[in-house]
Amino acid sequence: MAVELDHAFTTARPIDESYATILDLQRVVPCVEGGSVLETIDPGSVRAEIKVRMGAMSMTFTGTVEIVEQDAAAHRVLMRVKSKEAGGQGFANADVTFALADGGGTIHTNAQITGKAASMGEGVMVGVLDALIADFSGKLAAL
């Protein structure tokens, strides 16, 4: 199942400071509810885990978060998330694009999800992802 979502966020931080924060995966990954860094692979890549609640179900996904593109002049960052469901056959992969501007920015998420999570239906998936990203953008603004 493919899901695309767009979110905006605001911050009082200067744009260059926001850009530097986005590039710091040790600080950004824990902003996702249930997310944690398990291991740093290199400055632009980490092994991470996220525990997600979907109704009565709880799932854990482990994988990598990698910065695949960064444009300091345009204040744009593309992260790629590749994860597999623990104990299952499903995966949750996503390309997440941050486009920063003075006073905030936007987050565009293009996710592909399979397995138990996808079987919950598109409405549930969109609701869960939308809530996760909205919460993430609020925490990101506060960093």
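Computed from the coordinates by the stated procedures, all read-outs in this text should not be read as laboratory data. None of the values given here were measured: they were computed from a predicted structure. Ideal geometry is used to build each Cβ from the backbone, glycine not excepted, and the neighbour counts take in all protein chains shown.
Summary of values
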| quantity | calculated |
| --- | --- |
| Residue count, segment 20-39 (criterion: closer than 18 Å to S83 by Cβ, touching a Phe, Trp or Tyr at 6+ places or on another chain (Cβ under 6 Å) and either aliphatic (A, V, I, L, M) or surrounded by fewer than 16 Cβ atoms within 10 Å (Cβ to Cβ) (or both)) | 1 |
| Those residues of segment 77-86 which are of a type outside the set (S, T, Y) and either part of a strand (DSSP E or B) or free of Cβ contacts under 8 Å to residues at least 24 places away in the same chain (or both), in sequence order | V77, L78, M79, R80, V81, K82, K84, E85 |
| Qualifying residues in segment 75-92 (those that are farther than 18 Å from M125 by Cα and under 13 Å from the mean Cα position of the chain (by Cα)) - the one surrounded by the most Cβ atoms within 10 Å (Cβ to Cβ) | M79 |
| Test result for I113, touching a Ser or Thr at 6+ places or on another chain (Cβ under 7 Å), within 20 Å of E33 (Cα to Cα), surrounded by 15 or more Cβ atoms within 10 Å (Cβ to Cβ) and not polar (S, T, N, Q) | no |
| Filtered residue count, segment 116-129, keeping only those that are under 12 Å from E33 (Cβ atoms) and surrounded by fewer than 17 Cβ atoms within 10 Å (Cβ to Cβ) | 0 |
| Options I133, I107; residue that is surrounded by 18 or more Cβ atoms within 10 Å (Cβ to Cβ), touching a residue at least 60 places away in the same chain (Cβ under 8 Å) and part of a helix (DSSP H, G or I) | I133 |
| Subset of segment 56-74 that is in contact with a strand residue (DSSP E or B) (Cβ under 7 Å, 6 or more places away or on another chain) and not hydrophobic (A, V, I, L, M, F, W, C) - its residue that is surrounded by the most Cβ atoms within 10 Å (Cβ to Cβ) | G63 |
| Residue satisfying condition, being farther than 16 Å from L100 by Cα, in a helix (DSSP H, G or I) and not aromatic (F, W, Y), within set V46, V65, V52, V29 | V29 |
| Test set (1) within 20 Å of E4 (Cβ to Cβ); (2) touching a Ser or Thr at 6+ places or on another chain (Cβ under 9 Å) - G127 fails condition number | (2) |
